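The values are calculated or read from the model by the stated rules, or taken from the named source; none is laboratory data. Values in this document were obtained by computation on a predicted structure and should not be read as measured data. Methodologically, a virtual Cβ is constructed for each residue, glycine included, from the backbone with ideal geometry; neighbour enumeration extends over all protein chains shown.
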Amino acid sequence: MAPLMTGKEIRQARLERHMTQEFLAGNAGVHRSELSLYENGEIDLSPNKIEKLQGALARAKKHTDKDEKKVRKYYRQIVGITQQSLAQQVSIDPAILSKWENGKIEISKEVYERIYNILNAAYDRTNKSDALWQLELKSDWAKLLERRVENLKRQLQNAQETMTAVFDSCQAEISSLEAQLKNLPQKPTLEERPDE
């Protein structure tokens, strides 16, 4: 069995094969945002999922340019970026981008990486997968729990202060009553009574 690839190694292998994150994730049967988070070192994936990604990469050696060309335009469209906008962000002529999307020309690896970095970031903003939502929900739940703990600590502090005030008040009243008792005239005891 081959050693498990790191996120950086998966990303490098994916880019060398001119595959989008969506294309690789779809072929491996994992969520695209899980792949994105793993590539960026933000999460760990199970060995099973890494093996699936490696298997999809191994099969991609037979991946043809025709398959990649089908994905190019589609990927840009699903994230809602126009050709003009993407070309402007990548700093290339829109006509070059159009020809590349239609498979008429190839572009440099540097431009290719810039295009897919922009598309992947746009995808993250617009199409959060279940895995990403779960991470965010866990984060929100943790925040709610932290707030609840803080509220309980405040309530406990208030209760302690109230109990301290009640205790001090009771102590003061006891002291006052004891002082009054001392000042009251006492009944004479049997020994102090005159003989009858």
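List of remarks:
- Test result for R11, touching a helix residue (DSSP H, G or I) at 6+ places or on another chain (Cβ under 9 Å) and modelled with pLDDT under 85: no
Quick grid of which residues meet (1) at pLDDT below 70; (2) out of contact with any helix residue (DSSP H, G or I) (no Cβ under 8 Å at 6 or more places or on another chain):
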| site | (1), (2) |
| --- | --- |
| P47 | no, yes |
| R59 | no, no |
| K62 | yes, yes |
| E113 | no, no |
| N117 | no, yes |
| A122 | no, yes |
| R125 | yes, yes |
| Q134 | yes, yes |
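- Taken over segment 93-123, the criterion of being touching a residue at least 60 places away in the same chain (Cβ under 8 Å) and farther than 13 Å from I81 by Cα is satisfied by K109, Y112, E113.
- Among the residues of segment 24-43, those identified as touching an Asp or Glu at 6+ places or on another chain (Cβ under 8 Å) and outside any loop (DSSP other than H, G, I, E, B) are A25, R32, S33, S36, Y38.
- When the residues of segment 14-32 are filtered to those that are of a type in the set (S, T, N, Q) and within 15 Å of N117 (Cβ to Cβ), the one that is modelled with the highest pLDDT is Q21.
- Every pair of residues 6+ apart whose Cβ atoms lie under 6 Å, when the first sits in segment 6-22 and is of a type in the set (V, I, T) while the second is surrounded by fewer than 19 Cβ atoms within 10 Å (Cβ to Cβ): T20/V71
- As for segment 67-77, it holds no residue that is over 13 Å from I115 (Cβ atoms) and at pLDDT 85 or above.
- Selection within segment 11-52 - aliphatic (A, V, I, L, M) and in contact with a Phe, Trp or Tyr (Cβ under 7 Å, 6 or more places away or on another chain): L45
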